[in-house]
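Colleague: To start, I am sharing the structure in question, which I have written as structure tokens.
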Amino acid sequence: MGTPDFAVESLEALIEGGYNVVGVVTMPDKPVGRHQTTLSASAVKQYAVAHGLPVLQPERLRDEEFLAALKAWNADLQIVVAFRMLPEVVWNMPPCGTFNLHAALLPQYRGAAPINWAIINGETQTGITTFFLDHDIDTGKVIRRVPVEILDTDNVEDVHDKLMVLGARLVTETVDAIIADNVVPIPQEELAADTILHPAPKIFKETCRIDWSLPTKRVYDFIRGLSPYPAAWTELVCGEKRTMLKIFATEKDSDMPDVPAETVVIEGKTTMKVALADGWLRITSLQLSGKKRMDIQDFLRGFHTNDLLRVE
């Protein structure tokens, strides 16, 4: 059960590993385009169809017709990767249960956006976890956990790709352990003892607005924790004009600014930097509202102003 590319990697590992995948459950096709008249299949569905796998796409997971079709597959085990929260009637159906692949070291970063929040919070390590589903989201007993380093230069795409590959391997290892009856699930309460837990809630547009009053490192982590999607944003103020600006990549500079915080300084056609209370952030990749993403040199070649610039 899954939807995006992150789930395809695990499905492919199961197929290429010779496991008996009896069917795939994914989201209904989504309308796309200006008039919303063309339907687009999920990455998981596209892979499943290309490999001749049966596919179910329920609108409602408690729908009787869907439940009957799912039960008819007579699966011994269900695997969830980047899908919706399942009702008990679904996750409790197979005799070996249902396990989920989560892109964090549970019990840390429970929720919809674990990769984003780990980077935003400046973590130097995250990981991948398989766990059995139960009634509450991301709280079931842990089967396997594998740590992964977060480099200071990593953004969400970098960490996503690391975890996607590692996660596929962990899925097959978890299946093997379940088949061999070699699993001793660990309650998350034991792993959470004497630990401050960080949540990973869903990210909305207002979540992504940059707070320039934070220290340089915090703003730097915030930007890479939302890059390339959904992207951190700010307002670029030029005279009386305000323009929404998405920022995808920056570089830290510890030199103390000699201008007020939130001032934007342009140096020639190569550098655009923002003053913060304890340093500078040089913007290296951005996107103006209504324009395409570009590196800073391309942006500055077409940007001309004599007005004072700042961000808010």
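Colleague: Once amide H atoms are placed 1.01 Å from N in the peptide plane, what residues at a sequence separation of 5 or more from Arg310, or on another chain, have their amide H within under 5 Å of its amide H?
Modeller: For Arg310, whose amide H was placed from the backbone, the distant partners under 5 Å are Val237, Val264.
Colleague: Counting other beta carbons within 10 Å of each residue's own, what order do Thr130, Thr234 fall into, fewest first? Don't skip to the answer; put the middle values down first.
Modeller: Values: Thr130 28, Thr234 24.
Neighbour counts put them in this order, fewest first: Thr234, Thr130.
Colleague: Would you calculate the separation in nanometres between label points at Ile179 and Glu312, each defined as 7 Å from the Cα along the Cα-to-beta-carbon direction?
Modeller: 6.1
Colleague: Considering only the range 5-191, what is the antiparallel percent among its DSSP beta bridges, to the nearest 5?
Modeller: 70
Colleague: Rounded to whole Å, give me the distance from the Cα center of the range 98-142 to that of the range 258-294.
Modeller: Cα centroid to Cα centroid, the span is 34 Å.
Colleague: Listed here are the pairs Lys205/Lys252; Lys141/Lys217; Lys217/Lys269; which of them are more than 29 Å apart at the Cα?
Modeller: As for pairs spanning more than 29 Å Cα to Cα, those are Lys141/Lys217.
Colleague: From the backbone phi of the range 92-98, what are the Karplus-calculated ³J(HN,Hα) couplings (6.51 cos²θ - 1.76 cosθ + 1.60, θ = phi - 60°) in whole Hz, Gly and Pro given as x?
Modeller: The phi angles translate into 9, 6, x, x, 8, x, 10 Hz.
Colleague: Report, by chain and number, residues whose modeled amide H sits under 5 Å from the one on Lys291, excluding near sequence neighbours (fewer than 5 apart, same chain).
Modeller: none
Colleague: What are the ³J(HN,Hα) values, in whole Hz, obtained from phi via the Karplus relation 6.51 cos²θ - 1.76 cosθ + 1.60 with θ = phi - 60°, for each residue of the range 286-300 in sequence order, with x given for Gly and Pro?
Modeller: 8, 8, 6, 3, x, 10, 8, 5, 8, 7, 5, 5, 5, 5, 5
Colleague: For Ala112 paired with Thr243, estimate the spin-label separation in nm (one decimal), with each label point 7 Å from Cα along the Cα-to-Cβ line.
Modeller: Result for the modelled spin labels: 3.1 nm.
Colleague: What is the range 206-311's relative contact order, in percent, from Cα pairs under 8 angstrom and six or more apart in sequence?
Modeller: 28
Colleague: How big is the chain in terms of Cα radius of gyration and Dmax, in angstroms?
Modeller: 22.8, 71
Colleague: Once phi is turned into θ = phi - 60°, what whole-Hz ³J(HN,Hα) does the Karplus curve with 6.51, -1.76 and 1.60 give for every residue of the range 175-187, x standing for Gly and Pro?
Modeller: Result, rounded to whole Hz: 4, 4, 5, 5, 4, 7, 6, 10, 10, 10, x, 10, x.
Colleague: Given R₀ = 35 Å, what would the calculated FRET efficiency be for Asp258 paired with Asp298, taking r from the Cβ atoms and rounding to 0.05? Before the final figure, lay out the partial values.
Modeller: Values: r = 28 Å, r/R0 = 0.80.
With a Förster radius of 35 Å, E is 0.80.
Colleague: Next up: Relative contact order (percent) for the range 5-191, with alpha-carbon contacts under 8 angstrom and 6 or more residues of separation?
Modeller: It rounds to 19 percent for the range 5-191.
Colleague: Going by C-beta contacts inside 10 Å, put Phe303, Phe83, Phe204 in order with the fewest on the left.
Modeller: Details: Phe303 15, Phe83 20, Phe204 8.
Placing the least packed residue first, the sequence is Phe204, Phe303, Phe83.
Colleague: For the residue pair Ile137 and Leu14, what label-to-label distance in nm results when each label sits 7 Å from Cα along the Cα-to-beta-carbon direction?
Modeller: Distance between the two pseudo-spin positions: 2.2 nm.
Colleague: So for each of 11-21, 137-147 I average, over its residues, the number of other beta carbons within 10 Å; can you give me the resulting order with the highest mean first?
Modeller: The peptides rank, most packed first, as 137-147, 11-21.
Colleague: Oh, and also: For Asp253, what residues show an amide H to amide H distance below 5 Å, using hydrogens built from the backbone and excluding near sequence neighbours?
Modeller: Trp280, Arg282
Colleague: Relative contact order for the chain: what percent, with Cα pairs under 8 Å and sequence separation of 6 or more?
Modeller: Values: 617 pairs, mean separation 40.8, N = 312.
Worked out over the chain, it gives 13 percent.
Computed from the coordinates by the stated procedures, all read-outs in this text should not be read as laboratory data. A quick note: this is a predicted structure, and the numbers were derived from the prediction, not measured. Note that each Cβ is placed from the backbone with ideal geometry, even for glycine, and that neighbours are counted across all protein chains shown.
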